Amino acid sequence: MTKGYFGQYGGRFVPETLMPALMELEDAYLKSKKDKDFQKELAHLQRTYIGRPTALYYAKRFSELLRGAKVYLKREDLAHTGAHKINNALGQALLAKRLGKKRVIAETGAGQHGVATATGAALVGLDCDVYMGTEDMKRQSLNVFRMRLLGVRVIEVSVGSKTLKDAINESLRDWTTNVRTTHYVLGTVFGPHPFPSMVRDFQSVIGKEARKQILGAEGRLPDYLIACVGGGSNAMGLFHEFLDDAVEMIGVEAGGKGIETGEHAARFAGGSIGVFQGCKTYLLQDDDGNVLGTHSVSAGLDYASIGPQHPYLKDTGRVKYTYATDDEALAAFELLSRKEGIIPALESAHALAEAIKLAPKLSGDKIIIVNLSGRGDKDVQHVAGIKGIEL
Amino acid sequence: MKESKITKVFESLRSQNKKAFIPYIMAGDPSIEKTKELVITLEECGADIVELGVPFTDPLADGPTIQRASERALKNGVTLKSVISLVRDLRTRTKIPLVLMTYYNPVFKYGEERFVNDAKDAGVDGVIIPDLPPDEASSFIRLTKKSDIASIFLLAPTSTEDRIKIVVKASRGFIYYVSMTGITGSQLLLDGSIEKSINNIRRITDKSIAVGFGVSTPEEAEAVSRISDGVIVGSAIVKKVQENSDEGIRDFLLKLREAIK
C-alpha cells in the first residue's frame, strides 16, 4: 500500500504550510512507537492516570432481555474524563511535548475530545485552545464548562453548520497560522497522514485489552464487535487488534431522522468518495463537491465524513456498516440505563441499538462485544430537552 | 508541453522590467453578471492576470472575508461548472489570462480529466488548488501538462529545501509564495523574512514567483513587488467588492496598479 493510504483512501491533502509539520509529526510518531521510554511513560499514565485497563463487563440483564447472544460492554466510559478520547489525547500531548511545542489545539463535537485534550494539556503542561461549533456548545453545555474549569479557552465557531466539521476547519486554520509553536491534537482517525494511523494506534489499547479480557472470561474470541462510527476512532481502536481473526465487525453510523429524510450522518448510506479536511474518503456531498449538512441527536457522530481506513475495510468486506436512527439510539440509551445502571453516551447508544437488533437473532452461545465508548452524563440535559423536561 | 499563457505574461513583464498585478475575486459574489463586469474592470485597471475564486463550503485556507464571499456565491448557486461557463462567456470579451483558485474536492468530484478538458476549452489559463500539494497531484500535473493550463503550486515560509524542490518542479506559470504562516486576509509582516525566503527559492529556480496572502494596501503591494515577480491581492479587493461602490473599486485598483513596479 502507498504510504499514508488505505487502498485508495487517505493521503495528505493540506496546504503547503502544513506539509513540513505533518512530516515532522510522522517522524516523531514513528520514533515514539519504537522508543521504550515513551512507551513506558504512556503505559504508566494509562494505568495510573486514565485508569486502564477499563473493565470488560458482561451485561447480564441486558443480554437476558434480548434473549440471544451474550453482550459484553468494553467500558471506555470508565476511562478518566469519561470516554475513549483520552487514550489519543494523552498520547498526542506527550508527543507534542517531545516535538517541543508550547501549545495544543483541538476541535470537539460532543466535547469529549475537547475535555480529553484539555486534560492531557494540563497534565503535560501545555497551553490549550479548543474549537467548538456553537450548535454543539448548546447541546453539550456541561462539557463546555468542564473545559473551562480545566483552564482552556473554548473558541466558538459560528460559521457554516456550526458543528464538528466547522470546528475542524477552524482548527486547521489556527494550526496553519501557529504551526511553529502549536500541535493540533486531531481527535479521530481522520485528516491528513499520519493522523488516521497514529490516532488508531493510540486507541488500539482498547482492542488489546478486550482480547485479553474476553479470553480470560470466556476462553475464546468474540463472534461480533460493534462500535459506533463518527470519525471512527473508538471503532478502529476496538477493531484493529481483531482484523486478522475470525471475528465479525459492525460499524454503526448515525441514521439521524432516517436516511430518506436526508437528515442523517450515514456516510456509507448516502455518501460518495471525496477529498475532505486532509484525506480521500467517504463524504456526504452534493454533485458539485460541496459538503452537505448533517444531523444526528449525538454531536459526536454529527459529521459529514469518516476516517479513511473505514471505507477501505468496507470495500474489502472486512467490516460491515449500518446505521441507527436518533429514536433507536435514544431507546437504547434508556434501556441500558434502566437494565444495567449504566448511562451510555448517545454516541455509544448507536452501537447498543445495533446490539439490540442483532443479539436476539443469535443463539445463546454467541458473544458480542459492544464498545461503550463514553458515558452519558454529558447528554442528560440534551435528552431531558428532547423529552420536554426542563432541568 | 506548450508554454502556458501565464509564463508568457511573466516573460513579457520581465523584459519590460515590470511586475505582475494579480487581483483575486470570488466568482459569483455578488452575482455572476457582476463578476463578468468586474473582470473587465480589473483588466481596464491594469491587472495582468485575474484569479477567480470558486466557492466551496469548507474553504480551510481562507480567512473570514473570503469565507463569507464564498458563502454568498454558494447561495447564488455558483458551482465549479458555472465558473467554467463564466470563463467561456468572458472569452468573447477579453483575453486576459484567467486562473481558477479552487479547493480540490469540487475538481475531484467533477473528474480531473473532464475538468482539465472543460477548463481548457472554456479558456482557463491556470489553476491553483491550495489543498492539493504536488505530492498528491501526479495525475493532475500529467493532465495539465498535456494542455497549456498552468498548474500553480504554493510555497510557504515553512517549506524546507526538499519541499521547495518538489514544488518548483511541479509548478508551471508561476510559483505562488504564501507570505506568512496563516490564512488569506491575515496581517502581513514586512520584516525581511519574505525576501529571504524568495531568495532561497531563487537559488533553486528562475521560474517566476508571485506573492499573496495578506497584501491589503498599495504600500504593502509596492514593498512586495520590489522583492518578487508579481503581487496577488485577494481579501482587500473582495472587501471593496462587498462595499459595492464601482468608483471605490476602480480607485483602489488603480492605486494598487501604480504601486506595483
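Read-outs: derived from the displayed coordinates by stated rules, not from any lab. Just so we're clear, the structure is a prediction, and the values are computed from it rather than from any experiment. In this analysis, Cβ positions are derived from the backbone assuming ideal geometry, glycine residues included, and neighbour counts consider all displayed protein chains.
Can you tell me which of A:80, A:240, A:44 moves the most in a GNM of chain A? Springs connect C-alpha atoms under 10 Å apart.
Maximum fluctuation in the GNM of chain A, among the listed residues, is at A:44.
Check residue B:156: other-chain or 5+ apart residues with amide H under 5 Å from its amide H, H built from backbone geometry?
Those qualifying (amide H under 5 Å, at least 5 residues apart or on another chain) are B:178.
What does the convex hull of the Cα atoms of chain B come to per residue, in Å³, rounded to a whole number? Before the final figure, lay out each step's value.
Working: hull volume 29.1 nm³, N = 261.
Per-residue hull volume (Cα only) is 112 Å³.
Can you tell me the alpha carbon radius of gyration of region B:44-85 divided by the globular rule-of-thumb value 2.2 N^0.38 Å? Intermediate results must be reported in sequence, preceding the final value.
Values: Rg = 11.7 Å, N = 42, 2.2 N^0.38 = 9.1 Å.
My calculation over the Cα atoms of region B:44-85 gives 1.29.
Please state the Cα pair-distance histogram of the protein assembly as shown with 10 angstrom bins from zero: what percent is in each bin?
Per 10 Å bin, starting at 0, the Cα pair percentages come out as 3, 16, 26, 24, 16, 10, 4, 1, 0.
Restricting attention to region A:62-166, which trypsin sites (Lys or Arg not before Pro) occupy a DSSP loop and are surrounded by at most 10 other Cβ atoms within 10 Å?
Values: sites: A:67, A:70, A:74, A:75, A:85, A:97, A:98, A:101, A:102, A:103, A:138, A:139, A:146, A:148, A:153, A:162, A:165; in loops: A:67, A:101, A:102, A:162.
Those satisfying the criteria are A:67.
Quick one: pull the percentage of alpha-carbon pairs in region A:213-336 with a separation above 19 Å.
Values: 3739 of 7626 pairs.
The proportion of pairs with Cα distances above 19 Å equals 49 percent.
Relative contact order (percent) for region B:107-215, with alpha-carbon contacts under 8 angstrom and 6 or more residues of separation?
On the way: 141 pairs, mean separation 25.4, N = 109.
So the answer I get is 23 percent.
Viscosity 0.692 mPa s, temperature 37 °C: give me the Stokes-Einstein translational D for region B:123-196 in µm²/s, with Rh taken as the Kirkwood radius over C-alpha pairs.
For the chosen part, D equals 247 µm²/s.
Determine the shielding of peptide A:171-178 by partner chains: average, over its residues, the number of Cβ atoms on other chains within 10 angstrom of each Cβ.
Numbers: counts 1, 5, 11, 2, 2, 10, 6, 2.
The mean count of partner-chain Cβ atoms within 10 Å per residue comes to 5.
Between B:197, B:216, B:139, where does the largest GNM mean-square fluctuation fall for chain B, given springs only between Cα atoms within less than 10 Å?
Of B:197, B:216, B:139, the most mobile in the Gaussian network model is B:139.
Could you name the aspartates and glutamates in cross-link range of residue B:145, using Cα to Cα under 17 Å and dropping any fewer than eight places away on the same chain?
B:3, B:112, B:113, B:118, B:121, B:125, B:135, B:136
Consider just the alpha-carbon atoms of region A:1-46 and return their Rg together with their Dmax, both in angstrom.
Taking only Cα atoms of region A:1-46, I get Rg and Dmax of 14.0, 37 Å.
Run the Debye formula on the Cα coordinates of chain A, all scatterers equal and no solvent, and tell me log10 I(q)/I(0) at q = 0.14 1/Å.
-1.21
Enter the mean number of other protein chain beta carbons within 10 Å of the beta carbon of each residue in A:282-291, as an integer. Let's see the in-between values first.
Numbers: counts 0, 3, 0, 5, 4, 4, 15, 14, 11, 4.
If you average over the peptide's residues, the count of other-chain Cβ atoms is 6.
Tabulate in residue order the Karplus-calculated ³J(HN,Hα) for region B:256-261, using 6.51 cos²θ - 1.76 cosθ + 1.60 with θ = phi - 60°, rounded to whole Hz; enter x for Gly and Pro.
Going residue by residue, I get 4, 4, 5, 6, 8, 8 Hz, with x marking Gly and Pro.
³J(HN,Hα) across region A:218-225 via Karplus (A = 6.51, B = -1.76, C = 1.60, θ = phi - 60°), whole Hz, x for Gly/Pro?
Using θ = phi - 60°, the values come out as 10, x, 7, 6, x, 8, 9, 10 Hz.
Determine the relative contact order of chain B: mean sequence separation of Cα pairs under 8 Å and six or more apart, normalised by residue count, in whole percent. Don't skip to the end; give the middle numbers.
Numbers: 489 pairs, mean separation 59.9, N = 261.
With pairs under 8 Å counted, the relative contact order is 23 percent.
Please average, across the residues of A:15-27, the number of beta carbons from any other chain that are within 10 Å of each residue's own beta carbon, and give a whole number.
Numbers: counts 13, 21, 14, 7, 11, 7, 2, 1, 4, 2, 0, 0, 0.
Whole-number average of other-chain Cβ neighbours for A:15-27 is 6.
Calculate how many DSSP beta bridges within the protein assembly as shown are antiparallel, expressed in % of all such bridges and rounded to the nearest 5. Intermediate results must be reported in sequence, preceding the final value.
Details: 16 of 76 bridges.
Expressed as a percentage, antiparallel bridges in the protein assembly as shown total about 20.
Would you mind checking which residues have amide H under 5 Å from residue B:20's amide H? H placed 1.01 Å from N; only 5 or more apart, or other chain.
The list, which skips near neighbours in sequence, is B:230, B:231.
What number does region A:75-208 give for Rg over Rh if you use C-alpha atoms and the Kirkwood radius? Present the calculation step by step, with values, prior to reporting the outcome.
Numbers: Rg = 13.5 Å, Rh = 14.4 Å.
Reported Rg/Rh, Kirkwood definition of Rh: 0.93.
Using the C-alpha gyration tensor of region B:83-229, what are the square roots of 5 times its eigenvalues, in whole angstrom, with the largest one first? Don't skip to the answer; put the middle values down first.
Details: eigenvalues 146, 67, 37 Å².
Computed over region B:83-229, the values are 27, 18, 14 Å.
May I ask which of B:8/B:95; B:81/B:120; A:33/A:102; A:165/A:387; B:5/B:146 have a Cα-Cα span longer than 18 Å here? List each step's numbers first, then the result.
Working: B:8/B:95 13 Å; B:81/B:120 13 Å; A:33/A:102 22 Å; A:165/A:387 27 Å; B:5/B:146 14 Å.
Distance filter (> 18 Å) returns A:33/A:102; A:165/A:387.
Can you return the aspartates and glutamates within cross-link range of residue A:320? Criterion is Cα-Cα under 17 Å, with same-chain partners fewer than 8 residues away left out.
Within the straight-line limit of under 17 Å, residue A:320 reaches these aspartates and glutamates: A:223, A:241, A:244, A:245, A:248, A:253, A:354.
On the principal axes of its Cα set, how long, how wide and how thick is region A:137-191? Give whole Å, largest value first.
Sorted from largest, the Cα extents of region A:137-191 read 31, 27, 22 Å.
What does the helix-only formula give at 222 nm for chain A: each DSSP H stretch with n ≥ 4 adding -39500 (n - 2.57), the total divided by the residues, and the result rounded to the nearest 500 deg cm²/dmol? Don't skip to the end; give the middle numbers.
On the way: 16 runs with 166 residues, N = 391.
That comes out to -12500 deg cm²/dmol.
Region A:245-350: which trypsin sites (Lys or Arg not before Pro) are DSSP loop and have at most 16 other beta-carbon atoms within 10 angstrom? Provide the component values of the computation, followed by the final result.
Values: sites: A:257, A:267, A:280, A:314, A:318, A:320, A:338, A:339; in loops: A:257, A:318.
Sites meeting the loop and neighbour criteria: A:257, A:318.
Which of B:18/B:255; A:40/A:208; A:212/A:339 have a Cα-Cα distance over 19 Å?
Beyond 19 Å between Cα atoms: A:212/A:339.
So what's the convex hull volume per residue for the Cα atoms of region A:1-123, in Å³? It would help to have the intermediate numbers written out before the result.
Working: hull volume 21.6 nm³, N = 123.
Each residue corresponds to 175 Å³ of Cα convex hull volume.
Roughly speaking, what is the stretch gain from residue A:339 to residue A:244, that is 0.36 nm per residue apart minus the C-alpha to C-alpha distance, in nm to one decimal? List each step's numbers first, then the result.
Values: separation 95, 0.36 × 95 = 34.20 nm, distance 3.38 nm.
Between residue A:339 and residue A:244, full extension yields 30.8 nm more.
Give the order of A:161, B:15, B:193 when sorted by the count of other beta carbons within 10 angstrom, beginning with the fewest.
On the way: A:161 21, B:15 8, B:193 12.
The most exposed by this proxy come first: B:15, B:193, A:161.
Can you tell which of A:147, A:19, A:236 shows the greatest fluctuation in a Gaussian network model of chain A with Cα springs below 10 Å?
Maximum among the listed residues: A:19.
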